[in-house]
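Step one of this worksheet: look at the structure below.
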Amino acid sequence: MSVFLNRQLAGLIPYTPGEQPKRGEFIKLNTNESPYPPSPRAVAAAAEAAKTLNLYCDPSAKALTAEFCNYYNVDDVIFGNGSDEILAFCYLAFCEKEVAFPKISYGFYQVFSDLYNVVAEQIPLTENFEIDPATYFNKKKTIIIANPNAPTGIALNKDQLESILAANEQNVVIIDEAYADFSGFSARSLIEKYNNLVVVGTFSKSRNLAGARLGFAVANTELINDIALVKNSYNPYNVNAVTQAMGAVSIAEAAYFEECVGKIVAEREKFIEFLEQNGFYTLPSKANFVFTKPAAASGEELYEYLRSKKILVRYFKAIPDFVRITIGTAIEMDAVKEAIIDWRK
Ligand code: PMP
């Protein structure tokens, strides 16, 4: 740390991203990416868009916006360089002094709170790792909830979400839907009913574009304008032309998207059943990962064992009994199952 660093940042602990090893070195199930590549048409669109990189990109992402609003039947959207950037914009736009989010959730929420000098209330989960909606009523501070939550994978249903939205008329409620496409429910349908709702999403998981960095927020136009105010005061050209083009094709190719999501959900269900049969305790995931606890070993032991078999999963020191395993292809999941069966011998 230099003597010149802004003193307000002196104690800041940054987010630690999951490991990104050399391609092919591991079966990579540690950062909840899609195991499927972008479609050939999306790759072709990227090559075409690359030819325009001498120019700045469209700061309002018009073609992508039109495709998105038409497909999702929403009036307005704003895009970011990953949903991490959208969340950062939301902090600046809506989190003046205080924010509340689940104690076990996406680690970046605390980092943003520290970065933007916002006091964070971390609300405990129930003993079953669930979010209790009543603990979010009348907070009088901005609320952020990942739904499905990470790393648990557990989702609130529509009624539960509505109860939180209705009991927080005076503050914004941000629903982070990074994994919602694997759950079959999106709070997008509630935007017209609740003027305090911001739904954040990403193309990183269900749309196979983690490396392209594309996230978004949908909400009523007033709230989107608030986020746009921040974006345009920070980096109007935040989503590059290649990413915009790939995003638009991803939406246009609904069949490819649905096929990829369908395969992942089917593998998830089979894997949860396998884990159950093998004595693991697994939370009921609606995401593209499972959070699971081996019967007679720690999460760290399982993590290390799988690592020795060239399978990379995620282990969190704060929840040492569990590991989080991203759902991969059928072939990858067969390899995980085989390794787990061998481990028990
Ligand atoms: N929200 C949650 C809950 C996440 O798990 C992630 C991915 N780590 C993100 C947001 C950010 O995703 P991205 O910036 O790739 O859109």
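The values are calculated or read from the model by the stated rules, or taken from the named source; none is laboratory data. All values derive from a computational prediction rather than experimental measurement. Every residue, glycine among them, receives a Cβ derived from its backbone with ideal geometry; neighbour counts consider all protein chains shown. The protein model used for the area step is the full one, side chains on, heavy atoms only, and it has no ligands, DNA or RNA in it. Shrake-Rupley method; radii C 1.70, N 1.55, O 1.52, S 1.80 Å.
How many residues does region 214-231 hold that are over 14 Å from residue 86 (Cβ atoms) and open to solvent by less than 20 Å² (accessible area, probe 1.4 Å)? Write out each step before concluding.
Residues of region 214-231 over 14 Å from residue 86 (Cβ atoms): 220-222, 225.
Right, trim to open to solvent by less than 20 Å² (accessible area, probe 1.4 Å) and you get none.
Of the residues in that region, 0 qualify.
Somewhere in region 256-271, is a residue in a loop (DSSP other than H, G, I, E, B), surrounded by 15 or more Cβ atoms within 10 Å (Cβ to Cβ) and not β-branched (Val, Ile, Thr)?
So in region 256-271, the residues in a loop (DSSP other than H, G, I, E, B) come out as none.
No, region 256-271 contains no residue that is in a loop (DSSP other than H, G, I, E, B), surrounded by 15 or more Cβ atoms within 10 Å (Cβ to Cβ) and not β-branched (Val, Ile, Thr).
Could you grab me the full set of residues in region 214-238 that are part of a loop (DSSP other than H, G, I, E, B) and within 11 Å of the ligand (Cβ to nearest atom)?
So the first thing to find is which residues in region 214-238 are part of a loop (DSSP other than H, G, I, E, B), and the list is 214, 219-220, 233-238.
214 - this is the single residue of region 214-238 that is part of a loop (DSSP other than H, G, I, E, B) and within 11 Å of the ligand (Cβ to nearest atom).
I need a count of the residues in region 278-303 that are more than 30 Å from residue 177 (Cα to Cα) and either part of a helix (DSSP H, G or I) or not assigned by TED's automatic domain parsing to the domain that holds residue 333 (or both).
Going residue by residue through region 278-303, those that are more than 30 Å from residue 177 (Cα to Cα) are 278-279, 295-297, 301.
From what's left, either part of a helix (DSSP H, G or I) or not assigned by TED's automatic domain parsing to the domain that holds residue 333 (or both): 301.
Final tally of qualifying residues: 1.
Here are some conditions: (1) assigned by TED's automatic domain parsing to the domain that holds residue 215; (2) over 23 Å from the mean Cα position of the chain (by Cα); (3) open to solvent by 30 Å² or more (accessible area, probe 1.4 Å). Residue 45 meets all but one. Which one does it not meet?
Only one criterion is unmet by residue 45, namely (3).
Might you let me know whether region 146-155 holds any residue that is within 16 Å of the ligand (Cβ to nearest atom), assigned by TED's automatic domain parsing to the domain that holds residue 243 and within 23 Å of residue 65 (Cα to Cα)?
Scanning region 146-155, I find no residue that is within 16 Å of the ligand (Cβ to nearest atom), assigned by TED's automatic domain parsing to the domain that holds residue 243 and within 23 Å of residue 65 (Cα to Cα), so the answer is no.
Given the conditions (1) in the same structural domain as residue 89 (by TED's automatic domain parsing); (2) open to solvent by less than 40 Å² (accessible area, probe 1.4 Å); (3) farther than 30 Å from residue 48 by Cβ, and given that residue 243 satisfies all but one, which numbered condition is not satisfied?
Unmet for residue 243, out of (1) in the same structural domain as residue 89 (by TED's automatic domain parsing); (2) open to solvent by less than 40 Å² (accessible area, probe 1.4 Å); (3) farther than 30 Å from residue 48 by Cβ: (3).
Test each condition in (1) crowded, with 18+ Cβ neighbours inside 10 Å; (2) within 15 Å of the ligand (Cβ to nearest atom) for residue 211 and report the one that comes out false.
(1)
Can you pull out the residues in region 294-311 that are farther than 16 Å from residue 282 by Cβ and surrounded by 21 or more Cβ atoms within 10 Å (Cβ to Cβ)?
311
Among the residues of region 1-49, how many are at pLDDT 95 or above, within 16 Å of the ligand (Cβ to nearest atom) and acidic (Asp, Glu)?
1
Of the conditions (1) closer than 23 Å to residue 146 by Cβ; (2) outside any loop (DSSP other than H, G, I, E, B); (3) of a type in the set (Gly, Ala, Ser), residue 318 satisfies every one except a single condition; which number is it?
That leaves (2) as the condition not met.
Restricting the search to region 186-206, which residues are among the hydrophobic types (A, V, I, L, M, F, W, C), in contact (Cβ under 8 Å) with a residue 60 or more places away in the chain and surrounded by fewer than 22 Cβ atoms within 10 Å (Cβ to Cβ)?
We begin by selecting, within region 186-206, every residue among the hydrophobic types (A, V, I, L, M, F, W, C); these are 187, 190-191, 197-200, 203.
Checking the rest, the ones that are also in contact (Cβ under 8 Å) with a residue 60 or more places away in the chain come to 191, 198, 200.
Result: 191, single match.
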